[in-house]
Amino acid sequence: MRGTDWCLSSAGAALVLATSSDEQHPAESVMDGNSETFWTTTGMFPQEFIIGFPRCVKISKVAIQSYLVRTLRIERSVSEDPVGFEECIEKDLEHTEGQLQKEEFPLPEFQATYLRFIIKSAFDHFVSVHRVIAEGAAENT
Amino acid sequence: MVKLAAKCILAGDPAVGKSALAQMFRTDGAHFQKNYTLTMGIELLVKAVSIPETSDSVEFFIFDSAGKDLFSEVLEKLWEQLNVLCLVYDITNEQSFNNCAKWLEKLKTRAAGMHVPGVLVGNKTDLVGRRVVEQKQAQEWAEQHGLEYCEMSVKEMKNFETPFHILAKSFHQLYKEKVETFHSLA
């Protein structure tokens, strides 16, 4: 059975918050399923964004496509509002010049209504995030 | 419209005018501190500069740090993840110019290979008769070390905004170049 990517806006995901501001590269770009569009941070770390799901969903794998991210922390919340976050994972990523970071985080299946991505440090002044993916089983209704 | 944010460190020997510059810049020239007070540790001030001919701006988080060695260990952490450097010396004090190399070395060890835009600033141009560091000499040194250069007199309110405009422009340019790189990745 093919999983659903809950981070797609077409799956009902919505952006709750993003800390930086370039109108041409909004954080919604990480949810459009297209690696060519991206969100940029606009200076100083940490930087973060929060994605809200249409309801509490089950997730078994999280992935990110980014550039120049060093320390990444992913948190989840099961609350109705984007509060009470707890850590899923924190990791130092590798950097290869000219190559998109494609990182997968296999996680024990968990529930979430919100996911929060915190970029704690970077290899340069600015980073880009092209996609985030949170895969889970589509619900049997 | 882009709003950038940059951590800016004001570095240089004690009494070259770092705090005076910071205060003048913060108050748009309304406040020149006549009496010297030694900065202990750190003072933070925040101010935005717009980039000419764009709707973009850079908000500076300026860390006015103590020039005295005594505080340097306390301030080690401060140099982490800095975005731009404003290095100040006193044109009437040769030692303060010579020590710029030391300050720059400190930056290099902290920046870990990252390009950090910087500007070398000669202060106190009002003390014409007491100048010991020639503009040409300083300018050449700045060029050799990849720094922009300007001179100012905070006291006479001359050019005190120039260093920040230079840094804002460089940082903005850096952002635009990065975005080009990001475009080429996918």
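Every condition in (1) of a type outside the set (A, V, I, L, M, F, W, C); (2) more than 14 Å from chain B (Cβ to nearest Cβ); (3) under 22 Å from A:SER21 (Cβ atoms); (4) assigned to a strand (DSSP E or B) holds for A:GLU135 except the one numbered (3).
When A:PHE117, A:PHE105, A:PHE85 are checked against the criterion of being more than 10 Å from chain B (Cβ to nearest Cβ) and buried (at least 21 other Cβ atoms within 10 Å of the Cβ), A:PHE117 stands alone in meeting it. Scanning the stretch B:2-35 for residues that are in contact with a His (Cβ under 7 Å, 6 or more places away or on another chain) and under 15 Å from B:THR162 (Cα atoms) yields B:GLN23, B:MET24. List the residue pairs whose Cβ atoms are under 8 Å apart, where the first residue sits in the stretch B:86-101 and is under 13 Å from B:CYS150 (Cα atoms) and of a type in the set (D, E, K, R), the second is at pLDDT 95 or above and part of a helix (DSSP H, G or I), and the two are 6 or more positions apart or on different chains. What qualifies is B:ASP90/B:SER96; B:ASP90/B:PHE97. One residue stands out among those in the stretch A:31-57 that are within 17 Å of A:GLU104 (Cα to Cα) and more than 10 Å from chain B (Cβ to nearest Cβ): the one that is surrounded by the most Cβ atoms within 10 Å (Cβ to Cβ), which is A:MET31.
Filtered by the rule that a residue be without any contact (Cβ under 8 Å) to a residue 60 or more places away in the chain, closer than 17 Å to B:ASN93 by Cβ and either within 14 Å of chain A (Cβ to nearest Cβ) or part of a loop (DSSP other than H, G, I, E, B) (or both), the stretch B:129-173 gives B:ARG131, B:VAL132, B:VAL133, B:GLU134. Restricting A:THR96, A:THR141 to residues that are at pLDDT below 95 and among the polar types (S, T, N, Q) narrows the list to A:THR141.
When you scan the stretch A:134-141, do you find a residue that is surrounded by 16 or more Cβ atoms within 10 Å (Cβ to Cβ) and farther than 30 Å from B:VAL179 by Cα, even just one?
At the first step, the residues of the stretch A:134-141 found to be surrounded by 16 or more Cβ atoms within 10 Å (Cβ to Cβ) are A:134-136.
In the following step, the residues that additionally are farther than 30 Å from B:VAL179 by Cα were identified as A:136.
Checking the stretch A:134-141: at least one residue is surrounded by 16 or more Cβ atoms within 10 Å (Cβ to Cβ) and farther than 30 Å from B:VAL179 by Cα.
For the stretch A:84-103, a residue qualifies if it is under 15 Å from A:VAL129 (Cβ atoms) and among the charged types (D, E, K, R), and the qualifying residues are A:LYS91, A:LYS102, A:GLU103. Residues in the stretch B:60-92 that are of a type in the set (D, E, K, R) and over 14 Å from the mean Cα position of the chain (by Cα) were compared, and the one that is surrounded by the most Cβ atoms within 10 Å (Cβ to Cβ) is B:LYS68. So which residues in the stretch A:1-44 are acidic (Asp, Glu) and in contact (Cβ under 8 Å) with a residue 24 or more places away in the chain? Of everything in the stretch A:1-44, those that are acidic (Asp, Glu) and in contact (Cβ under 8 Å) with a residue 24 or more places away in the chain turn out to be A:ASP5, A:ASP32, A:GLU36. Restricting the stretch B:8-24 to residues that are surrounded by fewer than 24 Cβ atoms within 10 Å (Cβ to Cβ) and touching a helix residue (DSSP H, G or I) at 6+ places or on another chain (Cβ under 9 Å), the residue that is nearest to B:CYS86 (Cα to Cα) is B:ASP13.
The C-beta contact set for the stretch B:174-186 (first residue at the interface with chain A (Cβ under 7 Å from one of its Cβ atoms), second residue exposed (fewer than 13 other Cβ atoms within 10 Å of the Cβ), distance under 7 angstrom, 6+ apart or interchain) comprises B:ALA186/A:GLU36.
When A:GLY98 is tested against the conditions (1) within 12 Å of another protein chain (Cβ to nearest Cβ); (2) small (Gly, Ala, Ser); (3) closer than 21 Å to A:ALA27 by Cα, the lone failure is (3).
Scanning the stretch A:35-86 for residues that are over 15 Å from the mean Cα position of the chain (by Cα) and of a type in the set (Phe, Trp, Tyr) yields one hit, A:PHE45.
Mind listing whichever residues of the stretch A:1-28 are surrounded by 15 or more Cβ atoms within 10 Å (Cβ to Cβ), touching a strand residue (DSSP E or B) at 6+ places or on another chain (Cβ under 8 Å) and over 28 Å from B:THR54 (Cβ atoms)?
Looking only at the stretch A:1-28, we keep the residues that are surrounded by 15 or more Cβ atoms within 10 Å (Cβ to Cβ), and these are A:3-8, A:11, A:13, A:15-16, A:18-22, A:25-28.
Then drop every residue that is not touching a strand residue (DSSP E or B) at 6+ places or on another chain (Cβ under 8 Å), which leaves A:3-7, A:11, A:13, A:15-16, A:18-22, A:25-28.
Within the stretch A:1-28, A:GLY3, A:THR4, A:ASP5, A:TRP6, A:CYS7, A:ALA11, A:ALA13, A:VAL16 qualify.
Residues that are basic (Lys, Arg) and surrounded by 20 or more Cβ atoms within 10 Å (Cβ to Cβ) within the stretch B:93-133 comprise just one, B:LYS124.
The values are calculated or read from the model by the stated rules, or taken from the named source; none is laboratory data. All of these numbers come straight from a predicted model, not from anything done at the bench. Methodologically, a virtual Cβ is constructed for each residue, glycine included, from the backbone with ideal geometry; neighbour enumeration extends over all protein chains shown.
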